[in-house]
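The values are calculated or read from the model by the stated rules, or taken from the named source; none is laboratory data. Only a predicted model underlies this, so the values are computations on that prediction, with no experimental measurement involved. Every residue, glycine among them, receives a Cβ derived from its backbone with ideal geometry; neighbour counts consider all protein chains shown. The accessibility values were calculated without ligands, DNA or RNA, using every heavy atom of the protein model including side chains. Shrake-Rupley method; radii C 1.70, N 1.55, O 1.52, S 1.80 Å.
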Amino acid sequence: MKENAASRVVFILLLFLSVSLLNGQSPPEKPKLVKCRSPGKETFTCWWEPGADGGLPTNYTLTYHKEGETLIHECPDYKTGGPNSCYFSKKHTSIWKMYVITVNAINQMGISSSDPLYVDVTYIVEPEPPANLTLELKHPEDRKPYLWIKWSPPTMTDVKSGWFIIQYEIRLKPEKATDWETHFTPKQTQLKIFNLYPGQKYLVQIRCKPDHGYWSEWSPESSIQIPNDFPVKDTSMWIFVAILSAVICLIMVWAVALKGYSMVTCILPPVPGPKIKGFDVHLLEISQPSRLVSMF
């Protein structure tokens, strides 16, 4: 009787499976973990891509454990990060700990699990774009005008505590140009740009990157119109070079005039008089008085 009952159960299951397959129903395809991102080492979010659902309602769960531990945890927050995501608040985030993360897809026909993703929060930092990007033309007295670009660090990244060393990349171009001009600045939150084309409208964007992690997205474009009378050439440098050259020439002329004789002597030394071998001029000078005495 028991064997008959077991056979009936197996037959019913096979019949149900056959009917499901004929109706195009199947276990879900394996989901894929796309990325995990932390804006500042205090929280992080992971996203996944679901596969085909097999024609049936499918539920997804994210499970994880920390390396060296056996206790399995489920995602604490499926809402904050948006669809197909899991958000880890400060309470659930630990730095210098390796997370082993898996996504499971479940429907009436079965279960499929993603390949595990190994995550260290320290190395998945991707900050928000810098904030408060402002553009201003400056016209200092006796100096060349320039474009002054200023910004603030990303709001969700704590740069004051010393956790991060942030570097910035600024790019700008005339509105109709295709190529961007890029500049890098470590730590600084301002930049001066010279040699702009008059009459052009410039577009400016900025992004940032921590010492460990990824570049942020580019900030929204900011623009500024350069006036037609905006100076292009920097004449102050040429004036400085001309003055310096004149000073050097004056110093050389003064040195030649002051030491002219010694310089001529070095260049054209005097020709020595002829010498007769065996003739001692000193003895001649000594013997001349005695000859005069003998004459008188």
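A few comments on the model shown:
- Using 0.36 nm per residue and subtracting the Cα-Cα separation, the extra length available between ALA255 and HIS65 on full extension is 60.3 nm.
- Model label sites at TRP180 and TYR197, defined 7 Å from Cα along the beta-carbon direction, differ in position by 1.8 nm.
- Segment LEU137-GLU74, length gained on full extension (0.36 nm per residue, minus Cα span): 17.3 nm
- Residues of segment 26-120: accessible area per residue with a 1.4 Å probe, Å²: 53
- Per-residue Karplus couplings for segment 28-38, computed as 6.51 cos²θ - 1.76 cosθ + 1.60 with θ equal to phi - 60°, are listed in order as x, 6, 5, x, 10, 6, 7, 6, 10, 9, 10 Hz, Gly and Pro entered as x.
- Of the peptides 123-129, 143-149, the ranking by mean beta-carbon count within 10 Å, highest at the top, reads 123-129, 143-149.
- Its Cα centre serving as origin, segment 26-120 has a Cβ charge dipole (Lys and Arg +1, Asp and Glu -1) of approximately 300 debye.
- Local net charge near MET98, Cβ-Cβ under 13 Å (Lys/Arg +1, Asp/Glu -1): -1
- The protection proxy used here, the mean number of other Cβ atoms lying within 10 Å of each residue, ranks peptides 78-86, 95-103, 201-209 as follows, highest first: 201-209, 95-103, 78-86.
- When only alpha carbons of segment 19-154 are considered, Rg and Dmax amount to 22.3, 87 Å.
- Subtracting the Cα-Cα distance of ILE95 and SER223 from their residue separation scaled by 0.36 nm leaves 42.2 nm.
- Cα convex hull volume per residue for segment 131-226 (Å³): 107
- Dipole magnitude (debye, nearest 20) for segment 131-226, charges at Cβ of Lys, Arg, Asp, Glu: 140
- For the residue pairs LYS41/LYS150; LYS41/LYS176; LYS41/LYS192, the alpha carbons lie more than 30 Å apart in LYS41/LYS176; LYS41/LYS192.
- Here the calculated FRET efficiency for LYS30 and GLN188, from their Cβ-Cβ distance with R0 = 35 Å, stands at 0.15, rounded to the nearest 0.05.
- Sites GLU49 and LYS150 - FRET efficiency at Förster radius 35 Å, r taken between beta-carbons, to 0.05: 0.35
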